[in-house]
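Please read the structure below before turning to the comments.
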Amino acid sequence: PVYYSDLENVLTVFRDNFTLNGNGPLYLSFNGLSFGYSLIGSFNVASTQYINVDGEVRYSPLEPGFKEYLMKMNDWYNKGLIDIDSVTSYAFQAPNDYIVNGKIGVFDHIYTFTSIWKLAAEDPDWHVVALTTPIPDGKTYADVHVRQNNDWVRTGNSMAITPYCSDIELACKYWDYFFTDDGILLSNYGVEGVSFEFDADGNPQYNEQALSLNNISYTQTKYCLHNHPVFTIWSRELAPLDEDQKQAEAIWGMVDAAYVMPQGVTLTVEEGAEHSNLKSTIDTYVNENFTLFLTGQKSFDEWDNFIAQIKSMNVDRMIEIQQTALNRYYNRGKN
């Protein structure tokens, strides 16, 4: 499926022809927002995140696309195309039981997990393929600028040394090691003879013991520094993957992430305190109403009041703080 109408047709086939979970075939993770914004990103918005449109900071819930996405999901919800439980779950992906036992048909997931599901599935013909971000009818891939981006989902993989560290020099040496040739090898492949061997061309390859876990993410978690602030060789993940998994990256990359805020945008201490108070309150209000609109408990006739309430909560000041930080980020690049 390319367009939203195509995806709706796929979901309808699942609903009408397969015994699922007594529920809809689409599992919406992250409380209806979808992991990595794979669905809501089609409308160039991203939950309660900011977007960066040609240097202008915008708060996603105030954008027209936020309402358009919610109206589409509400329509699908009313048609029985969405798993009811998923819209109130903050899990980043569907339960494994749902996936391997045919209780859902379309869902978010991490591409390296499919090998585990194949082993767990009772159906020998169990098969899953990647879908790109669907685009609104009448649009093209070039019109979509929001998708899963590591700047959003990997911000925890950061490292800092505080002034209270008892041995700052030693801490610096420790982390500096992981950017040396030996450190890069260790953090990406583990220990030679334990988790990897060198092939005939002198390239490191995970060995049978490391790959026996049947999931490359598990391999990297056990033997390497997985999801850490180190120099990552992403190609190492590809060797044990099947063709469907390898094609996922190209499929998911058919839309760009031009509207994603740069990761280097930072607030001052004073800005951070003020911004945190504002955003926490506003985001909570948005999230509470998001589910109400999606499930039809709140009518879209109340949308203007919803937006007015957000604006009354000093959202303009919240955006102003972030805009100041973005401008500062760009100015750093000019110096």
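Please treat every number below as a calculation from the coordinates, not as lab data. The shown structure was predicted, so the numbers you read here are calculated from the model rather than taken from an experiment. Neighbour counts are summed over all protein chains in view; Cβ atoms, including those assigned to glycine, are modelled from backbone coordinates with ideal geometry.
Brief remarks on what is shown
- For the chain, the Kirkwood radius over C-alpha pairs fed into Stokes-Einstein at 10 °C and 1.306 mPa s yields D = 71 µm² per second.
- The tail of the calculated P(r) for the range 249-333 beyond 20 Å holds 53 percent of all Cα-Cα pairs.
- The residues neighbouring residue 315, those whose beta-carbon lies less than 14 Å from its own, together hold a net charge of -1 under the Lys/Arg +1, Asp/Glu -1 convention.
- Order of 224, 165 - criterion: other Cβ atoms within 10 Å of each residue's Cβ, fewest first: 165, 224
- FRET efficiency for the residue 244 to residue 208 pair, using the beta carbon distance and R₀ = 30 Å, is estimated at 0.85.
- For the chain, DSSP calls about 60 percent of its internal beta bridges antiparallel.
- Net charge contributed by nearby residues that have their C-beta within less than 12 Å of residue 294 (K/R +1, D/E -1): +1
- Derived scalar couplings ³J(HN,Hα) [the range 92-98; Karplus, 6.51 cos²θ - 1.76 cosθ + 1.60; whole Hz; x for Gly, Pro]: 7, 8, 5, x, 4, 4, 4
- Ratio of Rg to Rh over the range 83-203 (Cα coordinates, Kirkwood Rh, two decimals): 1.09
- For the range 168-228, the equivalent ellipsoid derived from the Cα gyration tensor has semi-axes of 23, 15, 7 Å, listed largest first.
- Here the range 1-132 has an Rg and Dmax of 15.4, 51 Å, counting Cα atoms alone.
- Counting every other Cβ atom within 10 Å of each residue's Cβ, 198, 113 order from fewest to most as 198, 113.
- Each stretch of four or more DSSP H residues adds -39500 (n - 2.57); spread over every residue of the chain, this sum gives -13000 deg cm²/dmol at 222 nm.
- Computed from the C-beta positions of residue 9 and residue 176 and an R0 of 51 Å, the FRET efficiency is 0.40 to the nearest 0.05.
- Residue order for 140, 324, 232, 221, fewest other beta carbons within 10 angstrom first, comes to 140, 221, 324, 232.
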